Amino acid sequence: MLRDRYDLPLSTTSSAARDAYVHASDLLLTMYPGATEAFDRAIAADPGFALAHTGKAQMLLAAGDMAAARESLAAARAVSADPPEWESSHIAFFELLATGQTEAALAALRVHLRSWPRDALALTPTAFTNGLIGSSGRADAKRAMIGLLDSLAPRYGDDWWFTAHHGMALSEDGQRDAADGKIERSLAQNPNNAWVAHARTHLCYENGDPKAARGFLASWLLTYPRNAPLYSHLSWHLALSDLEAGNAAEASRLYQEAFSLDVHSGPPRAKITDGVSFLWRWELAGHPRDADAWRMMHEFATNALPRAGAALPDLHVVLVQAVAGDAVALETRVRQVEDLARDGRYPSGPFVPMLARAFAAFERQDFAEAIDALEPIVAESERLGGSRAQLDLVEFTLLKAYLDAGRPDDARRFLDERRPGPSGIPVAGLSLAR
């Protein structure tokens, strides 16, 4: 029987279909372009190969095309009258994802991995920072991620893909020495893996070393395809490193050329989170507002994410609505979040509504109200999902509010209590709190 890279049996007798499927899986796992087309080649070689249809659905889900993903999953079921147990379980997991049942999907994944722990493609939507656990709304999401990956580590051994994600999770949990060893080993085994480049960049950020981040990313991105899924997000990281180092002109150039709306290589959510985050941090660092960029971002966010759904993108949507002065849209988004929370479908609860209040207050320069809204939630911002680097947007906003409210002592106290790590905080006036 033909098998995949992780030795799982495949329900195809076509070597061509198997080879195309493995190639597609490698592209998916490394975040290189071409995976969808490779899954299509596997389907062409064997139209009855259910996993090839499911792999294509996974790519469509990552791109935010839920309807097309459901069509591919329906095709997987249609061509597989009596699938092997592991394939049926694999497909069922993605069916839950495609219908927005994230809690049920996470529960199903845990059961699935007990029997088939080396199903890397099924693990992929959870293994990264903004995955199912990261966006679960749990206050201990990072510890929960470590728990899952620790339990699976013996089954993966020294596998470069798994080790990259394990190292990233350790970095996010503050275990930087342990993270460093895994990330460096993964990078040495397969440097052509965007996830390990991402993990190393985050570790540089947590180490407070923007120079190392810039040196690594500037070189690594030279050979990473411009249309690859993580190209623009990694460029966002590079721009943040330039902001930390005071290289404003280079940070601005990267925004314009690598991850502004017109050129971003990722799905709509990534376009919003990367763009809004950079524009806001740019201002917190003391640079002038780019009104045109904010206007375009507001128009895009309104159309791309018209309704509340997940806390991290919603955080960025309410920020762009606050900057735009769109009080009606802001209030509508808050009500949507509150309705979902009442139905038990928004696990981060009141965090986004409180952030909406904080951003609106900050915009009208009512820094005392912004502080009152941010202080109760900043310690638990992990519940919003996302990486520490992404969630620092909340902390930096609070720091700037302290400074603009004439409360440098509070800013100093906050800095003293903040996690060890990032030191080049790009917030104008921070020297007053040193």
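Highest first, please rank the peptides 365-377, 311-323 by the mean number of other Cβ atoms sitting within 10 Å of their residues.
Averaged packing, sorted descending, gives the order 311-323, 365-377.
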Ignoring ligands, DNA and RNA, what accessible area per residue does region 206-302 give at 1.4 Å, in Å²? 40 Å²
So which of LYS182/LYS271; LYS182/LYS400; LYS142/LYS182 end up more than 25 Å apart by C-alpha? LYS182/LYS271; LYS182/LYS400
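Full extension from ARG434 to ASP158: what is 0.36 nm times the residue separation minus their Cα-Cα distance, to one decimal in nm?
95.0 nm
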Take the alpha-carbon centre of region 368-434, take the same for region 59-111, and report the distance between them in whole Å. 40 Å
Nonlocal amide H pairs with LEU132, under 5 Å, H built at 1.01 Å: THR126
For the chain, just the Cα set please: Rg and Dmax, both in angstrom. 21.7, 71
When the chain is fully extended, how far beyond the present Cα-Cα distance does SER151 get from ASP19, taking 0.36 nm per residue of separation? 44.5 nm
Along the positive direction of the dipole of the chain (beta-carbon charges: Lys, Arg +1; Asp, Glu -1; about the Cα centre), which of CYS204, LEU415, LEU319 reaches farthest? CYS204
Leaving out ligands, DNA and RNA, and with a 1.4 Å probe, what % of the accessible surface on region 314-357 is carbon or sulfur? 54 percent
So what is the relative contact order for the chain, in percent, with contacts set as C-alpha pairs under 8 Å and at least six apart? 12 percent
Computed over the chain: longest principal axis from alpha-carbon atoms vs helix 327-342 long axis, angle to nearest 10 degrees, is 50 degrees
Using every alpha carbon pair in region 275-433, what percent of pairs falls into each 5 Å bin from 0 up to the bin containing the largest distance? 2, 9, 19, 23, 22, 14, 8, 3, 0, 0
Evaluate the Debye formula for region 41-188 with equal point scatterers sitting on the alpha carbons, no solvent, and hand back log10 of I(q)/I(0) at q = 0.10, 0.11, 0.21 Å⁻¹, in q order, two decimals. -0.37, -0.45, -1.28
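The values are calculated or read from the model by the stated rules, or taken from the named source; none is laboratory data. All of these numbers come straight from a predicted model, not from anything done at the bench. Methodologically, a virtual Cβ is constructed for each residue, glycine included, from the backbone with ideal geometry; neighbour enumeration extends over all protein chains shown. Side chains included, ligands, DNA and RNA excluded: accessible areas come from the protein's heavy atoms. Shrake-Rupley method; radii C 1.70, N 1.55, O 1.52, S 1.80 Å.
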